Amino acid sequence: MDHLAILKPRYLDAILDGRKTIECRLMRNRVPPFGLVRPGDRIFLKDSGGPIRGVARAAAVRDLSGLTPASILDLEREFNGRVLGDAEFWRKKAGARYGTLIWLGGVSPWAGECRHGRRGARSAWIAGIRAGKARAATV
């Protein structure tokens, strides 16, 4: 399955330059990408308010449920070196009950088309998109 992940530019830059290797989504309810991403899935990386700038493969996925503030702290300690969340990110997510950790592989720039058919969608993750062929990306 193909997915569209909307990211803050600083996180997208960190993925594209290889510093951020795990995408961490923490939420109060079971919303995408929880339960939807499988190893091998393609993830298009879109700037929030901007274009799609990259693509990656899900190398490994771990869905989490029953999270507590203490378990969120454990996640921060164990994974933040690869998630690169700032203090505000972890503070805002302290009340999350569900989460998805996605190890990213095969990251590359993208200059192709990608249609998700959900203009104005307020979701930061859209599953089941259709991607066209890539044009040569210029970095």
For A124, other-chain or 5+-apart residues with amide H closer than 5 Å (H placed, Pro excluded) are none
Karplus ³J(HN,Hα) for region 13-23 (6.51 cos²θ - 1.76 cosθ + 1.60, θ = phi - 60°; Hz, whole; x = Gly/Pro) runs 4, 5, 5, 5, 9, x, 7, 9, 10, 10, 8
For 22-29, 59-66, ranked highest to lowest by mean beta-carbon neighbours within 10 Å, the order is 22-29, 59-66
Least to most buried among T21, T68, by other C-beta atoms within 10 Å and fewest first, runs T68, T21
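The numbers here are math on the coordinates, done by the rules we state, and not lab data. Nothing here was measured: the structure is a model prediction, and the numbers come from that model. Because the Cβ atoms are built from the backbone with ideal geometry, glycine has one as well, and the counts that use them run over all protein chains shown.
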